[in-house]
Structures are given as structure tokens and as C-alpha cells.
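The structure under discussion appears below in the form of C-alpha cells.
Here, each number is a calculation from the coordinates, and none is a lab measurement. Predicted, not measured: the structure shown is a model, and the values here were computed from it. Note that we place each Cβ from the backbone using ideal geometry, even for glycine, and neighbour counts take in every protein chain shown.
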Amino acid sequence: MDLSVTPASLVSSVYENLTENIKKLRERKNAPLTLAEKLLFGHATDINSVSLNKGEDYGDFAPDRVAMQDATAQMALLQFMQADLPETAVPTTVHCDHLIQAYEGAASDLQVANKTHKEVFDFLRTASEKYEIGFWGPGAGIIHQVVLEQYAFPGGMMIGTDSHTPNAGGLSMIAIGVGGADAVDVMAGMPWELKFPKLIGVKLTGELSGWTSAKDVILKLAGILTVKGGTGSIIEYFGEGTKTLSCTGKGTICNMGAEIGATTSIFGYDEKMEEYLKATGREEIVGYTNNIAEHLVSDKAVTDNPKDFYDQVIEINLSDLEPHLNGPFTPDRATPISKMRDEAKKNDWPTDVKVGLIGSCTNSSYEDISRSVSIAKQANKLGLSTNAEFTITPGSEQVRQTIERDGFIEEFNALGAKVFANACGPCIGQWSRDGAEKEDKNTIVHSFNRNFAKRADGNPNTHAFVGSPELVTAIAISGDLTFNPLADYITNKNGEKIFLDPPRGFELPGDGFTVDNLGYLPPADNGKSLEVKIDPESERLQLLKPFSPLKEMNFHNVSLLIKTKGKCTTDHISMAGPWLKYRGHLDNISNNMLTGAVNFFNGKVNSVKNQLNGKYDAVPNVQRDYKFNNVLSIVIGDENYGEGSSREHAAMEPRFLGVMAVLVRSFARIHETNLKKQGMLALTFKNKSDYDLIQEDDVFDFIDLDQFEEGKPLTIAIKHNDKTSDQILCNHTYNQSQIEWFNAGSALNLIRSQES
């Protein structure tokens, strides 16, 4: 099979099964169907027996493909190697986009990355060759943009080891971000398990105009739902307004649905998608897709009466929508640009913008960059220059070569912009920003998706605001966070007052896309004979050893490692940035475990009390001491624990160092699943106020873990230093198969035992 694209034959086969499953689903439900139901249950392994209870029951599904970025692919492939299989069961690709640091510009940054990460890139390439995996080398592009251009198709199902995998929902594909262990299940030919999500319907009316873009739709929605409002839900967009949005604009909206916790987001198939498929060389797929178009939208009865079919309905009028800037420090703090001056003053935000950055997987399409360059052209023509540094990150080599051919890069260069490699770069902390180490209070604006503290440059005092590429471009020219291009002017070097015209762009290039080398390498013709070698002395890569089952250990006198306070994302649990180089070495990367989390008891980061000696030390040091002394530990967390990236290491590191349980007020979906997959206990307080009972010197007894059952809370006795104790109930969402993961020590252990 050609792994550089999705073959039409695969699409045809998927559609046959999808059509049959939807027919059976209609018979079972005897009611109109939403698009999400059609596509999700269209991929059920057994449509006749799968449960249809939203938010309650798990089902087994069969994704059509797996996509992995280079940072997460390392651990996923190391786990897959443990399964001892000759090749992957479904089409799979690896994309080298996370390990390229942005600093001087594309050419030099790529050169440095290829040298610095040669060992890792070689491992990913040779493992891909051996196991029949498509390989996209450094500089080929960001995984989600490449997937949209090459692989996504309406009605398909994909999982990816990155939280922004739902980007493919812009092409009506049900695409879900997962941890590496989930990917290994699918690569190994096992069913993929998912709790049937609830459904949030977002009705779009009207039409965008002027400075407002598709990005503003999701920025507005993030403000409505908050970072956890979409948890456990699929967000389905419908209404006449959807037909006015480009395919890549829809992708932007779906991409950033990860910031509100959504399982995935999706749009129904329409003419904009058909145009995009044709423009990216997939005319043959269009023929198959149009034949089943009725299955790729919600039934009319659903869209006519949405409140009868969705658990929540939100309406956004595109005609009334205003450009937004969201932030700082959280992607759901939504501020219309007209209100920014007041908000900045009220909150003492720095208004002098130091850097404007456009691109990333969220906003790096041809349309995005064409709208931005229309602002740059005005500035160059009218004698304006940027009052902030300005950078561009194209989404793929196909996009980069096309915008270079069309003169966009020349215009950006004339404005003094710097073009980074086709990679994630600043969006994920891979930005070598001069002066960030001084930790000065400052403001940046970008078109990325996340803006957690320290996310972009490692500086906790960098106030990052998220906006559309065109708004970011205008603000970079003005240098002022409060600049409203709808009402404000900029003074040029001649003292003239310049009002910028609204951006004008092109959904697709008029002369088509161009590319002479995509950066793709196919697998070897006969990979079985290849050997994937890992140097035992390597600091970057380490073969995995199976985890021992926790059920065989002592559940009493479990020590408290840390009680985290407030927001604790996967960035807090396992930082990216400089730690990305250790993603293939579990022991070394475990030295960053929970180093960003705030200790409830002292308000400090990376400082917890060691119960064995009473001294304060770094979190990994304390946990390593516990491990050396065979002491199991527990982590206590607040709401939405594990928000953010799909980062599997945030679960693997605690497991590796001997944490047996994570007990929180609530979990982010992917992180909860990752903990389960690694054979740990992921628990929530039955009574959320019990979080307040936890004291610094507490130890914990798991009273009834020997009776671990689906639907039955677990009892924990909390023993305090003053000899008093509390007994609490803890909920869990484990079903019987997930309990088997715990019993086996991990999901991978169970797979291995079944294959042997």
C-alpha cells in the first residue's frame, strides 16, 4: 500500500462498512442520527452489541489510520516493539515536527536539528522502515497540516498521538488525540476503546467578514465553554454558516477544540471540502465521497430540532462575531478586540508587544498566510514597519513552496519577518528566544492554540495572547496589544495616519499547490530483515521493560508525594521544551516529573516534603527515594488534572518511579486514559471537598482494592500525622477490560500475553 496518501481503495472499503453500520444503527435507534453518531458508530467493531449510552458506556472501535509526531512516536514505537509484531495492522505514519527548535530561521534551524537529533531521527526512520510505517522527515511539515493535505478524508476515523489530531475534523473525519498506548493497541490490531461521548451542537449562522476569521469562532466558543466545558463530548458544528467557512478554516476550529477538552470536533461534508480534496490531488476520493454524502451530514430532523438531539446547543452568529484575543496564561480567557484596552488596563497586562508569531498546526494554511500577507503588503506599500519582532511558521513543505512561488515570503521578508522551519517550534516551547532566561514581564501575540505559562519560551512572565494570523500581523505592526484595526490607525514614518484595510486572502492557490519534494520516505520493501538498534549507553533512547502489576504490591502506608494546587496541565507534569530530547528515554525524562506543579502546602514549584527524612527536595528526587525504599506513593490533584497535550510521559513517568495512584477532583480525558493504560489507578473524589482533608504528612491505605470492580467506588483511609484518620470514597471509570490492564500491570502487558 502507498503510505504517502490515503488510497481510494481504502476509502471505498471504509465507506462500504460505514454504510452497512449506519443502516444497522438506524434499525437499533429508530431515530434521526447526528453526524457524530454516524461516523463514530460507523466504525464500531460490532454495531449490533455496542452500547449507545452517551457518557456512560465504553465501545470498541476500529480506526482507519494512526498518525504520530516525533516526540510521542518514540515511546509509542518502543512500546510497539515490545508487542513483537512484524508490522502495523493499519496504515501508520510518523512526522518529525516537534524536535526542530526555532531560532535563526528555517535553513540553519533544520541543520542544527538534524545534527542534534540524528540519533532519534535515525531510530524513527529505521523503525518505520521495519514496521511498514510512512515516515515524514524533518522539515516536511507539521503533522496535522500534512494529515489534512495527504490523509484525511470525509467519514474516516483516525487516532493520533497528539491532542490536536481533531484538526482533521475540518475534512469531516472523526479524528481523536490519544496517548501512545492507545496507538499501540490499534497498530497491533486490537480494538480501540472509547467511552461514547456526549454531543455538543454548535449552530453557526451568518457569514464572516472583514477582520473576523474562523479562528475567532473557536476563541469565542472557548470563552463560553471554558477549558473543561467540552470534556467527554464531541462538538459538532452545523447550520448555514458552516458552508461559508473554508476547509482549512474548519480545521482551525476543530484543532483548537482540544483547548476546551473536547474528545473531538467535526463538520459535515460540503462543497468547501470537495474543493480542498480536488486541490490537493484527491479527485478519485471525491467520487466515492459524493456517492455517500447523505451519511456525512446530520439528518435534517437533527438540524431542524437540535435541542432534541444534542446535550447542549450553542449558537454563534458569524455576522456579529468580533476578532478576539484570548489570554494570557489560559486559552479560554476570551476578550473581543474592542474590549482589550479596558481589560489590559484593569489587569495590568503589558501592552507593549515584543513578538508576533503566526503559523503552527492551528493556522498555517495557504489561506491563513495569504490573509496575513495582504496586511504585510499594505504595510510595505504605505511605509509601515513592524514595532515587534515577527515570525512565520508554514504548516508544510507544500504550503511553504507554494507561498514562496506566489511571492508571500518576499513580502514578509520586506517587513523584516523571520521564516522558521515547517515545524511546531514556538508553539510547543521549541523556541530559543534570546533573553527569555531573564524572566522579564512581557507580552507576545500568536496564532497558536495554547498559551500556558512558560509554554512558548520558558519564561513564566511572558503574557501570551492567542488570535488569528491576520490580527497578530496587524498587532505586530502596531506593537500595541490594544490596537483595534477596525477603529485605530498607525502612524507611518512620514507622520501619516494609516488605517489598515481588512485582510483579503484566498482559500486555495489560484495556480494550484506546488512541491518538488514532500519530505516523505516509504518503508523498506522487506522490513522484516531490518534490525532497529539502540545504543545501551544512549541518553536519548532506552528500551522499555514491562511494568510489574501494582496489584501484587502492598496497598497500605502509601505516601503522599504531592498535593497539587490549581491548574496542573501535562506541561506541569512533564514539561516540553528542553525535555523533548529525552522523550525516548523514560529514566532520563522522569527527572522532570511534576517539576512544574505547585505544591499546595508551601506554594512552591518542585519542592515537596520527603516523608522518609522530613526534608524538602525536588519532586523527582523524593519519588526516586521512595522507589529505592519500595515505598508506593499517591498524587493528589485539583480540577481538570492533566489538561493540555496528549503527552503520555505525564502518565509513564509517575508509573516508572513508583506512583500507584492519582486522586483528583476531575481529569482531562486523555490523561485519565493514559494513566489507566499504564496500569495505574486514576481516581476522583466522590465528594470533591475531601480534597481539603489531605495534609502534608498523610499516608493512605487502600481498604478494598482487592474488590476492584466496575461501577464500585474504592475506599481509602487517610492517616494523619496526629494519629487521626478520615475514610473517603473514590470514584473511578474503569470497566472490566480496563481493570484487566491494572491487573496485568499495563495494557501493553495484556496485549503481549494475548499475542504469546
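Summary table
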| quantity | calculated |
| --- | --- |
| Distance between segment 712-756 and segment 123-186 - C-alpha centres, whole angstrom | 31 |
| FRET E, pair SER49, GLU240, Förster distance 30 Å, beta-carbon r, rounded to 0.05 | 0.20 |
| Listed peptides 23-29, 682-688 by packing density, highest first (mean Cβ within 10 Å) | 682-688, 23-29 |
| Note, ³J(HN,Hα) from phi for segment 546-552, Karplus 6.51, -1.76, 1.60, rounded to Hz, x at Gly and Pro | x, 6, 6, x, 5, 5, 8 |
| Distance-filtered residues of segment 667-701 - backbone nitrogen under 19 Å, label point 7 angstrom along ASN629 Cα→Cβ | 695-701 |
| Residue pairs, from the table LYS215/LYS272; LYS627/LYS719; LYS454/LYS497; LYS215/LYS688; LYS54/LYS300; LYS346/LYS454, whose Cα atoms sit over 25 Å apart | LYS454/LYS497; LYS215/LYS688 |
| DSSP beta bridges in the chain [antiparallel fraction, %, rounded to 5] | 35 |
| Fewest-first ranking of ASP84, ASP185, using other Cβ atoms within 10 Å as the exposure measure | ASP84, ASP185 |
| Kirkwood Rh in Å, taken over all unlike Cα pairs in segment 550-755 | 16.9 |
| Normalised alpha carbon radius of gyration of segment 196-285 [divisor 2.2 N^0.38 Å] | 1.11 |
| Label point at PHE329 placed 7 Å out along Cα→Cβ; residues across segment 474-515 whose backbone nitrogen lies under 20 Å | 481-482 |
| Residues LYS346 and LYS615, FRET efficiency given R0 of 51 Å [Cβ-Cβ distance, rounded to 0.05] | 0.75 |
| Extension gain, ASP2 back to LYS29 (0.36 nm per residue minus Cα-Cα distance, nm) | 5.9 nm |
| Computed over segment 403-504, Cα set: Rg, Dmax in Å | 15.2, 40 |
| Local net charge near THR715, Cβ-Cβ under 13 Å (Lys/Arg +1, Asp/Glu -1) | -4 |
| For LYS250, LYS339, LYS676, order by how many other beta-carbon atoms lie within 10 Å, fewest first | LYS339, LYS676, LYS250 |
| Residues GLU470, GLU16, GLU271, sorted so that the one with the fewest Cβ neighbours within 10 Å comes first | GLU271, GLU16, GLU470 |
| Base-10 log of normalised Debye intensity for segment 1-140 (one unit scatterer per alpha-carbon) at q = 0.15 Å⁻¹ | -0.86 |
| DSSP-defined beta bridges in segment 282-437 - what % are antiparallel, rounded to 5 | 35 |
| Helix-only mean residue ellipticity at 222 nm for the chain, each DSSP H run of n ≥ 4 adding -39500 (n - 2.57), per residue, nearest 500 | -9000 deg cm²/dmol |
| Percent RCO, i.e. relative contact order, over the chain, from Cα pairs under 8 Å lying at least 6 residues apart | 14 |
| Among beta bridges that DSSP assigns inside segment 550-755, antiparallel share in %, nearest 5 | 55 |
| Alpha carbon centroid spacing (whole Å) that separates segment 383-425 from segment 686-711 | 53 |
| Convex hull volume per residue for segment 497-600, taking Cα atoms only, in Å³ | 345 |
| Centroid-to-centroid separation of segment 448-465 and segment 578-602 [C-alpha atoms, Å] | 18 |
| Theoretical FRET efficiency, 1/(1+(r/R0)^6), r = Cβ-Cβ of ALA301 and LEU486, R0 45 Å, to 0.05 | 0.70 |
| Amide H within-cut-off set for THR335, under 5 Å, with H built and near neighbours excluded | LEU325, ASN326, GLY327 |
| Gained length - HIS556 relative to ASP60, 0.36 nm times residue gap less alpha-carbon distance | 175.1 nm |
| LEU382 paired with ASN743, simple spin-label distance in nm, labels 7 Å along Cα-to-beta-carbon | 7.0 |
| Entry for percent of Cα pairs over 43 Å apart (calculated from the structure that is shown) out of (i) 23; (ii) 33; (iii) 39 | (i) |
| Share of alpha-carbon pairs per 10 Å distance bin for segment 448-546, given as whole % | 10, 19, 20, 23, 15, 10, 4, 0 |
